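Step one of this worksheet: look at the structure below.
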Amino acid sequence: RKGFAVDLARPVLRWKAFANYRRERPEDASSGAPPVTAERMSAGATFSLNQDSWVSPSIIRIRQTGSQTDFTQTRLATEFTASEPMGGRTTARFDVGTFDDEKGVNVKRRVLAGSVVSMRRHPGRVTSTISGGIERDENRDLHLRDMTIQGTLEVRWEASPSRLLVTPFLSYISRDYELQGRSEDRAGGRLQISFLRVPGLGDAALSIQGRVERIWRLIPEGTHDTDEAVEVSLGKRISILP
């Protein structure tokens, strides 16, 4: 393939603007490669709110043209990130895009996605991580959509410094797929207790984990069940080479 690319970036006050363009196509049609010309354009900026926080909006457009395709993708994306007072970081992302192929059938789509992840440190040797997200994928020709919603919470408590670690974990996910005729919800929890130094075994670590998950298969089965498990593991560092 042959082509070219251009990248530009320039600081403007508290903004750092950028733009780029790339174009490529097959150089030799006899190689068997699909004769598709691909173009990608993007532009955006990063705005510094302070030393540890910034927001980055951008727009991206991709086009692929050939004898059997005329595909275009247009996306608007934004990322925001900020530091937390006691350590850690919160990052949020939002993305909306449209997809279409003038030579295809039932391929016109609109996708909306958003997520947030926040990791924080708390007094008493506690660290928490919470995350959530949603994705909605709509087929605009068939008037059907797939949607996923999920969230998790994990807490790490160092009950005894360098000796005992307690880690509870909660999760939830909902999937509603109209294009596949399937819908289900899952909710689960996990508790892990780790002894980082086991008396009599040197620097060996012993971990005990209990897990339970509830599954609701709403469409098409209309059933539900519970999955439970207990796991015990022992790890020890050994030297292979003298």
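Anything in the range 1-24 that is over 15 Å from Ser48 (Cα atoms), modelled with pLDDT under 85 and in a strand (DSSP E or B)? List them, or say none.
Lys2 - this is the single residue of the range 1-24 that is over 15 Å from Ser48 (Cα atoms), modelled with pLDDT under 85 and in a strand (DSSP E or B).
Which one of Arg89, Arg25, Arg75 is in contact (Cβ under 8 Å) with a residue 12 or more places away in the chain, under 23 Å from Asp137 (Cβ atoms) and basic (Lys, Arg)?
Exactly one of Arg89, Arg25, Arg75 is in contact (Cβ under 8 Å) with a residue 12 or more places away in the chain, under 23 Å from Asp137 (Cβ atoms) and basic (Lys, Arg), namely Arg75.
Which ones in the range 204-223 are open to solvent by 80 Å² or more (accessible area, probe 1.4 Å) and either under 18 Å from Lys236 (Cβ atoms) or not basic (Lys, Arg) (or both)?
Matches in the range 204-223: Trp216, Leu218, Ile219, Pro220, Glu221.
From the list Thr65, Thr37, Thr72, pick out the single residue that is among the polar types (S, T, N, Q) and under 25 Å from Arg93 (Cα atoms).
After ruling out the rest, the residue left standing is Thr72.
Inside the range 161-195, can you point out the residues that are open to solvent by 50 Å² or more (accessible area, probe 1.4 Å), outside any strand (DSSP E or B) and within 25 Å of Ile219 (Cβ to Cβ)?
Glu178, Leu179, Gln180
Being over 30 Å from Arg125 (Cα atoms), surrounded by 16 or more Cβ atoms within 10 Å (Cβ to Cβ) and among the aromatic types (Phe, Trp, Tyr), is that true of even one residue in the range 19-41?
No: zero hits.
Collect the residues in the range 173-206 that are within 28 Å of the chain's Cα centre (by Cα) and within 30 Å of Ala159 (Cβ to Cβ), keeping them in residue-number order.
Ile173, Arg186, Ala187, Gly188, Gly189, Arg190, Leu191, Gln192, Ile193, Ser194
The values are calculated or read from the model by the stated rules, or taken from the named source; none is laboratory data. Given the structure is predicted, the values throughout are model-derived calculations rather than measurements. All Cβ positions, even for glycine, are placed from backbone atoms using ideal geometry, and neighbour counts span all protein chains on display. Protein only, heavy atoms only, side chains kept; ligands, DNA and RNA dropped before computing areas. Shrake-Rupley method; radii C 1.70, N 1.55, O 1.52, S 1.80 Å.
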